[in-house]
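First up is the structure itself, then whatever we jot down about it.
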Amino acid sequence: MNTVYIRKLERMFIMVKMTCIVCGMEINEKNYNFNKEAFINSNSKEKIMYCPFCGAPIEYLIENGQKIKYDRNKLNQNSLKIIDHAVKLEVFNGDFYKKASYMAKDKNVKSMFKSLSSIEYMHARIHKKIAGIKEMPVLKDMDYSKYNTDENLLAAACQREKHAVAYYKKYEKEIHEENIAKIFNALSKVEEEHVKLTGE
Ligand SMILES: [Zn+2]
């Protein structure tokens, strides 16, 4: 084989590096498959459809892209309160999924919950950065023992996801910083997919 051919071949198998403009993570051949259980259609090396870290869909993944920039100074008290609640909502759901991944009996449900947990914690980190919050909130331990079957856990998950979608859709309009509103919109799409994922 001549070197030109080898180079051509290599190029075919080297993934184009993309940046998720929502969470700022770079997606590469080592991480494209992270949290794959949290998606209806998983990424492949040839076709990246989601950010494996925050779940943002393809339209937010840009070759050599830049993270969405925003001006925190434009945020008023109301917006800061909304974002503070968003951090808590995502931690609340992240904690739930973490627990649910221990509680679930089915292997696939278990790994799906585990992946969902890491994606929701990523959302919490995104909001935390936006609002300039220093510490991740620690919520009180919840008793999930009433969700004693996988079906109950899934139903509870679906309920939470619907609530998250509604939260983002409602408060996106109250955030007077269009790029942060854009991030809310992106995350509402991620949670919409989670509704489908946990509801079927
Ligand atoms: Zn992302």
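The values are calculated or read from the model by the stated rules, or taken from the named source; none is laboratory data. Because the structure is a prediction, the values reported are computed rather than measured. Glycine gets a Cβ as well: all are built from the backbone with ideal geometry, and neighbour counts include every protein chain shown.
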Look at segment 50-67 and say how many of its residues are within 12 Å of the ligand (Cβ to nearest atom), surrounded by fewer than 19 Cβ atoms within 10 Å (Cβ to Cβ) and assigned to a loop (DSSP other than H, G, I, E, B). 2
Is there a residue being polar (S, T, N, Q), modelled with pLDDT of 95 or more and touching a Gly at 6+ places or on another chain (Cβ under 6 Å) anywhere in segment 109-118? yes
When you look at residue 88, is it surrounded by fewer than 19 Cβ atoms within 10 Å (Cβ to Cβ) and without any contact (Cβ under 8 Å) to a residue 24 or more places away in the chain, yes or no? no
Only one of these conditions is not met by residue 123: (1) under 18 Å from residue 170 (Cβ atoms); (2) more than 13 Å from the ligand (Cβ to nearest atom). Which number is it? (2)
Residue that is surrounded by the fewest Cβ atoms within 10 Å (Cβ to Cβ), among those in segment 15-43 that are without any contact (Cβ under 8 Å) to a residue 24 or more places away in the chain and either away from the ligand (no atom under 15 Å from the Cβ) or assigned to a strand (DSSP E or B) (or both): 30
Kindly provide the set of residues from segment 155-173 that are small (Gly, Ala, Ser) and within 25 Å of residue 80 (Cβ to Cβ), ordered by number. 164, 166
